[in-house]
Amino acid sequence: MNFSYKEKTLIASIITTVIFFGSYLYIGFKNLNSWPTQFGELLALVVLFIVFEIIIKSVLKLESKSSIEDERDKLIEITSYKYSYWALSATIWFVIFQLLLNTPFSKSFNTPQGLFYSLLLFVILAELISYIAQLYHSLKGK
Amino acid sequence: MKKVISNNVKVLRENNGGISQQKLAEAIGVTRQTIIAIEKNKYSPSLEVAFKIALEFGVPLEKVFVYK
């Protein structure tokens, strides 16, 4: 399949997000009680992620014939943000109800680390849903 | 019966010296994927893009887009 610049950047963003934040969350959840959350660590990860994204997008821009974003791309982006918003809202409400009902699952949110990694996971999931929805809508038009 | 917007972009391209989707996209300022989606009736463009397409082919808007 012949992917456009926008589709390639979306695929790259999905892969990069999964690798960077996936590994960070995996290590975080694995060592939930023994590894305190460091602000500097997260900041370094975000900076590294942004730099990596810029490099990948620049490389893709060089090899693509056209790298413009038009009205359809913007419309797809807005539609996808809606899915992302719903996903994030649903997960936040999920946490609230778990805490309210004091379910066994709510114990994961009892520690600052548990709550931090869970919320970060939900934010990353919402972001991934936005990327996947954009890719789906972009490919659907073909 | 529900009315839909269809278009003659593909026919107009072929009748205008077989201009490619890429060339048309560049002339209008959209991506080739948008032209593909328009031709397949999977995307209805904004009025601005619709007018630009009509202007590019030198025909009135109703010759490009049909609402029926």
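The values are calculated or read from the model by the stated rules, or taken from the named source; none is laboratory data. Bear in mind the structure is a predicted one, so any value in this text is a computation, not a measurement. Glycine gets a Cβ as well: all are built from the backbone with ideal geometry, and neighbour counts include every protein chain shown.
Each row is one residue, and each column tells you yes or no for (1) modelled with pLDDT of 90 or more; (2) out of contact with any strand residue (DSSP E or B) (no Cβ under 7 Å at 6 or more places or on another chain); (3) more than 26 Å from A:Ser138 (Cα to Cα); (4) loosely packed, with under 13 Cβ neighbours inside 10 Å.
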| position | (1), (2), (3), (4) |
| --- | --- |
| A:Phe3 | no, yes, no, no |
| A:Leu48 | yes, yes, yes, yes |
| A:Val51 | yes, yes, no, yes |
| A:Ser67 | no, yes, no, no |
| A:Ser80 | yes, yes, no, no |
| A:Tyr83 | yes, yes, no, no |
| A:Leu101 | no, yes, yes, yes |
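Show me the helices (runs of 4 or more DSSP H) found entirely inside the stretch A:29-142 where at least 2 residues are away from every other protein chain (no Cβ under 14 Å), in contact (Cβ under 8 Å) with a residue 40 or more places away in the chain and charged (D, E, K, R). Full working, then the answer.
Details: elements: A:39-63, A:71-101, A:112-140.
Counting at least 2 such residues, we get A:39-63.
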Got a sec? Which of A:Leu75, A:Leu119 is within 24 Å of A:Phe29 (Cα to Cα) and surrounded by fewer than 17 Cβ atoms within 10 Å (Cβ to Cβ)? A:Leu119
The stretch B:40-62, residues that are within 10 Å of the chain's Cα centre (by Cα), surrounded by fewer than 14 Cβ atoms within 10 Å (Cβ to Cβ) and outside any loop (DSSP other than H, G, I, E, B): B:Leu61
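Filter the stretch B:1-45 for residues that are of a type in the set (S, T, N, Q) and either closer than 19 Å to A:Lys140 by Cβ or in contact with a His (Cβ under 7 Å, 6 or more places away or on another chain) (or both) and give the result.
If the condition is that a residue be of a type in the set (S, T, N, Q) and either closer than 19 Å to A:Lys140 by Cβ or in contact with a His (Cβ under 7 Å, 6 or more places away or on another chain) (or both), then B:Ser6, B:Asn7, B:Gln21, B:Thr31, B:Gln33, B:Thr34, B:Asn41, B:Ser44 are the ones that fit.
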Evaluate the following for B:Lys63: is it away from every other protein chain (no Cβ under 14 Å) and farther than 25 Å from A:Leu135 by Cα? yes
Collect the residues in the stretch A:1-24 that are polar (S, T, N, Q) and either assigned to a helix (DSSP H, G or I) or away from chain B (no Cβ under 14 Å) (or both), keeping them in residue-number order. A:Thr9, A:Ser13, A:Thr16, A:Thr17, A:Ser23
Within the stretch A:87-99, residues surrounded by fewer than 13 Cβ atoms within 10 Å (Cβ to Cβ) and not aliphatic (A, V, I, L, M) come out as A:Ser89, A:Trp93, A:Phe97
Suppose we filter the stretch B:10-47 for residues that are more than 14 Å from chain A (Cβ to nearest Cβ) and either touching a Pro at 6+ places or on another chain (Cβ under 6 Å) or not charged (D, E, K, R) (or both); how many remain? 7
